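So the structure is just underneath, and the comments pick up after that.
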Number of protein chains: 2
Amino acid sequence: MAQDMTLLWGSGSPPCWRIMIMLEEKELKGYNQKLLSFEKKEHKSKEVLDINPRGQFPAFKYKDYILNESYAACLFLEIQYKSQGTKLTPDCPMELALMYQRMFEGFSLLQKTGQVLYYDYNVPENERHESARTRNKEALTTEVKLWEGYLASSSGFLTGKTFSLSDVTVFPNIAYLFRSGLCEKRYPNLAKYYNGLKDRPSIKANWPPHWKESCECQVLLKDI
Amino acid sequence: MAQDMTLLWGSGSPPCWRIMIMLEEKELKGYNQKLLSFEKKEHKSKEVLDINPRGQFPAFKYKDYILNESYAACLFLEIQYKSQGTKLTPDCPMELALMYQRMFEGFSLLQKTGQVLYYDYNVPENERHESARTRNKEALTTEVKLWEGYLASSSGFLTGKTFSLSDVTVFPNIAYLFRSGLCEKRYPNLAKYYNGLKDRPSIKANWPPHWKESCECQVLLKDI
């Protein structure tokens, strides 16, 4: 039982989902967790700020160690629980190099997705420009096409022949694209990857609860 | 001799500098390297694009493995050369957790620095707003204060009592702040950290060549 861990999370946040997938893969059950609300601005509440001074989800503690950065939490848990649950780091140097490379390219994908989806949230009304929206969409399209190419020869995983840290960290980003309306027909390799992993127990058990309902946001990326 | 590695880099790029520090700490000398020019847009040249499809520095290859993402390169080299050169990963779980946490918080610091320094580069003239400049500066100030606090009890390193991957990855970000005019008197802990490490051989040997000359950019962060 992982009662010495605490996760404060928001539904639909890829960083939160990463940690939850990681905990599940490492068979770390029974941790303290609390679903909080973005809409109610609970990421700026005292209980979150006490752990995460930037006021962001997730706020994650392992014993007394603060690991709010989801990549930090995943890399740490993989070392701490090396021989427990799924082995998520390949031994083969070629696969290892590719795993790390794709993990960190994931930042680029999530950043460009955020620039499109959160434009109105991040940019005050009097500073918005259609030209910026167009540029952001073009940058995201170029990025998504890159990943579509990466997955052309996939064996069901992002890198190598088994589920690894690259899937733990990047799958939530890709799921977020499809939740936001990315066209499965236009990106068949991404769609195949997504559909092949969405029922994996660690992923399915932690599917963002509010994604079970439909939402206007589901068309935002239809042109990408 | 590390003749099976190739690095195409730009002067002053924190991601490039990270890889160079890492190679030096791991005693990997004699790698193929080529200094290219941002001004001449050589990051969009064929030789860079052949390795890095995003057209960014660094473009880095280890044998046939592409490791353009600097964090990926550092984590990979640390595993591949575990017992060669400096040991950069602590054994103590508490130090390990903090090392990873600060490494990934480094993304936040670099991103907020970039939003201030590259505003004119990234935003076309007709989309610029003074209110956005002010907001970006405020966000960076908040971020820099956080790091100033983190370093209050430093023993000369970002985490723990020895030079680690957190220093390899975050020192270039902090050096970049001071290069851009951050006030040493206003941030004494950051300045102490910076001055304590700037003559470390791996760092000094790879100091961005163009930083040896003065530049208008050296006042850009004076108000932060």
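The values are calculated or read from the model by the stated rules, or taken from the named source; none is laboratory data. Predicted model, so just to flag it, every value in this text is computed and none were measured. Every residue, glycine among them, receives a Cβ derived from its backbone with ideal geometry; neighbour counts consider all protein chains shown. These accessible areas exclude ligands, DNA and RNA; they are computed on the full protein's heavy atoms, side chains included. Shrake-Rupley method; radii C 1.70, N 1.55, O 1.52, S 1.80 Å.
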Expected 222 nm ellipticity per residue - DSSP helices of 4 or more, -39500 (n - 2.57), all of chain A, to 500
-14500 deg cm²/dmol
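To the nearest 20 debye, what is the magnitude of the charge dipole of chain B about its Cα centre, counting +1 on the Cβ of each Lys and Arg and -1 on the Cβ of each Asp and Glu?
On the way: 30 positive and 27 negative charges, 51 e Å.
Taking the Cα centre of chain B as origin, the dipole is about 240 debye.
If you wrap a convex hull around the Cα atoms of region A:93-219, how much volume per residue is inside, in Å³? Don't jump to the answer; show the numbers that get you there.
Values: hull volume 14.5 nm³, N = 127.
So the per-residue Cα hull volume is 114 Å³.
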Of B:37-44, A:61-68, ordering from highest average Cβ density within 10 Å down gives A:61-68, B:37-44
Most to least packed among B:209-216, A:75-82, A:126-133 [average Cβ atoms within 10 Å]:
A:75-82, A:126-133, B:209-216
How many nanometers, to one decimal and shortest first, lie between the label point of A:Tyr119 and those of its other copies, if labels sit 7 Å from Cα toward Cβ?
2.1
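With +1 on each Lys and Arg Cβ and -1 on each Asp and Glu Cβ, how big is the dipole of region A:168-213 about its Cα centre, in debye rounded to the nearest 20? Can you show the working numbers first?
Working: 8 positive and 3 negative charges, 19 e Å.
About 100 debye.
Report relative contact order for region A:93-219 in percent, whole number only (criteria: Cα-Cα under 8 Å, sequence separation at least 6). Numbers along the way, then the final one.
Working: 90 pairs, mean separation 36.6, N = 127.
Rounded, it is 29 percent for region A:93-219.
Would you mind giving the three semi-axes, in whole Å and largest first, of the ellipsoid equivalent to region B:5-80 according to its Cα gyration tensor? Walk me through the intermediate numbers first.
Working: eigenvalues 77, 32, 22 Å².
Rounded to whole Å, the semi-axes are 20, 13, 10.
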In order over region B:189-204: 3J(HN,Hα) from phi, Karplus 6.51/-1.76/1.60, θ = phi - 60°, whole Hz, x for each Gly or Pro, gives 6, 5, 5, 5, 4, 4, 5, x, 10, 5, 9, 4, x, 5, 7, 5
Stokes-Einstein D for chain A at 10 °C, 1.306 mPa s, Kirkwood Rh over Cα pairs, in µm²/s?
87 µm²/s
Could you give the dipole magnitude of the protein assembly as shown about its Cα centre, charging the beta-carbon of Lys and Arg +1 and that of Asp and Glu -1, in debye to the nearest 20?
120 debye
With no solvent and one equal point scatterer per Cα, compute the Debye intensity ratio I(q)/I(0) for the protein assembly as shown at 0.11 Å⁻¹ and report its log10, rounded to two decimals.
-0.92
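So how many Lys-Lys pairs in region A:93-219 land under 16 Å Cα to Cα, not counting same-chain pairs under 8 apart?
On the way: A:Lys112/A:Lys137; A:Lys112/A:Lys145; A:Lys137/A:Lys145; A:Lys145/A:Lys185; A:Lys145/A:Lys192; A:Lys161/A:Lys192; A:Lys198/A:Lys212; A:Lys204/A:Lys212.
So the count works out to 8.
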Quote the total accessible area buried by chains A and B together, excluding ligands, DNA and RNA, probe 1.4 Å, nearest 100 Å².
3100 Å²
Average beta carbon contacts from partner chains per residue of B:66-73, 10 Å cutoff:
5
Subtracting the Cα-Cα distance from 0.36 nm times the residue separation, let me have the gained length for B:Trp207 to B:Glu27 in nm, one decimal.
63.1 nm
Say the dipole of region B:5-80 comes from +1 at the beta carbon of Lys and Arg and -1 at that of Asp and Glu; which of B:Ser45, B:Pro15, B:Phe57 then lies farthest toward its positive end?
B:Ser45
Taking the Cα of A:Lys222, stepping 7 Å toward and past its beta carbon, and measuring to each backbone N in region A:153-193: which are under 17 Å?
A:177-187
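Tell me, what is the per residue accessible area of chain A in Å², probe radius 1.4 Å? Write out the running numbers ahead of the final one.
On the way: 10310 Å² over 224 residues.
That works out to 46 Å² for each residue.
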